Amino acid sequence: WVPWATGHFRRTLKLFNPDVVWVHAHGWSILPLARVLPAAEVGFHASIHDYSDAHESTQRSRHLAALQERLYASAHTRDAICQPMVDDLRARTGCEGTVARAGLEPEDLDFLSRKTEIPADAIRIAYAGTILVENEFALFARALAQIRRQLPLPLTIEFFGDHSYRSREWFDPSWMNEH
């Protein structure tokens, strides 16, 4: 599929002739992106929001991580999800980047200061993103399971992200929800 996707991407660039391409360099998209963009005659911006080898350390994941760094380094502009990641990518690639947090600006959250308090009917823990250290998260989930019946309000964990954790032994659908 990689040769097909690479060819399709090249044809798409030729057909539309964009001024710039913005890529989210993640997962399997890295392979065709890395084959096309560094040599393409189009400017591109690379966004890195998760390391390619965050979940496993195999030869394939290390290869994807190296290609991801090469894309980041060859981009005309680049960003990452947080300052520590920008700093780490600068150390790995020698290239500057900026922080992009899903496009939220301080004024996007101003309404929170004007919000009136509504009595809570539950304790909700929101987890947005990827659980990178699952063994420790499992400890956290087990600790919550032990104390949740002693809490003054019902407790839930709300998961927001691309990954499903439903099959994990620590996941309890009676008080954990995926969105």
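The values are calculated or read from the model by the stated rules, or taken from the named source; none is laboratory data. Not measured: the values here are computed from a predicted model. Glycine gets a Cβ as well: all are built from the backbone with ideal geometry, and neighbour counts include every protein chain shown. Accessible surface is based on the protein model in full, side chains and every heavy atom, while ligands, DNA and RNA are left aside. Shrake-Rupley method; radii C 1.70, N 1.55, O 1.52, S 1.80 Å.
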* **Number of positions in segment 119-140 that are hydroxyl-bearing (Ser, Thr, Tyr) and touching a residue at least 60 places away in the same chain (Cβ under 8 Å)** => 1
* Among the helices (runs of 4 or more DSSP H) lying completely within segment 12-106, list those that include at least 2 residues that are open to solvent by less than 20 Å² (accessible area, probe 1.4 Å), touching a strand residue (DSSP E or B) at 6+ places or on another chain (Cβ under 8 Å) and at pLDDT 90 or above. => 59-74, 83-93
* Hey, can you tell me all the residues within segment 121-179 that are open to solvent by 80 Å² or more (accessible area, probe 1.4 Å) and polar (S, T, N, Q)? => Asn135, Gln146, Gln150, Ser167, Ser174
* Asked: List the pairs whose first member sits in segment 141-154 and is under 10 Å from Ile123 (Cα atoms) and touching a residue at least 12 places away in the same chain (Cβ under 8 Å), whose second member is of a type in the set (Lys, Arg) and open to solvent by less than 60 Å² (accessible area, probe 1.4 Å), and whose Cβ atoms are under 9 Å apart, counting only residues at least 6 apart or on separate chains?
  -> Pro154/Arg148
